[in-house]
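The values are calculated or read from the model by the stated rules, or taken from the named source; none is laboratory data. No experiment lies behind these values; they were computed from the predicted model shown. With ideal geometry, Cβ positions are generated from the backbone for all residues, glycine too; neighbour counts draw on all protein chains shown.
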Amino acid sequence: MIAPPSAARLDGRRRGFTLIEVIVSISVLVIVSGSVFLIMRAALEASAALESTQLEFQRHETLRRVLDRMFRELPGGVRLTALAREGDAGSTQVELAPFDPLEPWRRTRDPLKEAALTLQEQANGLYTFGVRLRDPEVRALAGSLAEGEEFFPLMRDVRLVTWRFFSSDSMEWVASWTSAATRPALVEFTWQAGDGTPPQRWIFRVAPTRVGGGET
């Protein structure tokens with residue numbers, strides 16, 4: 001007579017896993033692991049994008065402060081001029097002479113520098129906004145840098161830059177500023193990033209000192 005299986009044997013059989021259960025468990029583990037990986041990847045990408053946005057904002061804010069201080073503390077002997085092409089809403093560059101924004105504390109230089117806040121075209125069709133320094137005898141700004149000129153980039157991948165000037169006499173914004181004796185009360189700087197985001201408009205107060213004389 002065959003003896004019935006003991007309780008211990010039955011418990012051992014119940015504690016084992018079938019092949020289907022193992023496959024199901026592995027499948028669930030793979031799905032859960034994949035979901036966790038996707039969530040972590042999305043979180044890392046969001047964190048990187050936020051960090052990049054914050055860094056770009058800090059760069060733009062630093063540039064805004066630099067330009068604001070430069071215009072507010074522009075020395076009395078510096079001439080500010082800008083000429084827009086016919087039909088344009090504003091000029092694409094501002095010329096300051098004699099002036100070196102990299103060493104503004106120096107009132108005299110030998111030779112004196114002339115600065116232009118202007119654009120330089122990039123290979124991708126966008127522009128780099130920066131400061132172009134030149135000796136007084138170098139006049140041309142178009143095309144490649146002439147001998148004796150230096151370009152210092154301030155902001156890359158720019159699609160648009162436009163300058164306008166507020167006249168305290170006419171109480172209007174004008175596209176050009178050609179007066180050699182006075183300065184505008186305000187300077188408007190409009191720029192658009194290469195990613196197509198809406199243009200930004202910065203307004204700076206200009207030092208009111210009349211060039212070569214007293215205050216306006």
Residue match in the stretch 59-78 (condition: of a type in the set (Lys, Arg), closer than 15 Å to Thr182 by Cα, at pLDDT 80 or above and surrounded by 15 or more Cβ atoms within 10 Å (Cβ to Cβ)): no
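Evaluate the stretch 5-19: report whether one residue or more is under 30 Å from Leu154 (Cβ atoms) and either at pLDDT below 90 or surrounded by 10 or more Cβ atoms within 10 Å (Cβ to Cβ) (or both). Lay out the reasoning, then the answer.
Pass one, the stretch 5-19, residues under 30 Å from Leu154 (Cβ atoms): none.
The answer is no, given that none of the residues of the stretch 5-19 is under 30 Å from Leu154 (Cβ atoms) and either at pLDDT below 90 or surrounded by 10 or more Cβ atoms within 10 Å (Cβ to Cβ) (or both).
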Matching residues in the stretch 72-89 - criterion: being farther than 17 Å from Ile203 by Cα and touching a Lys or Arg at 6+ places or on another chain (Cβ under 7 Å): Pro75
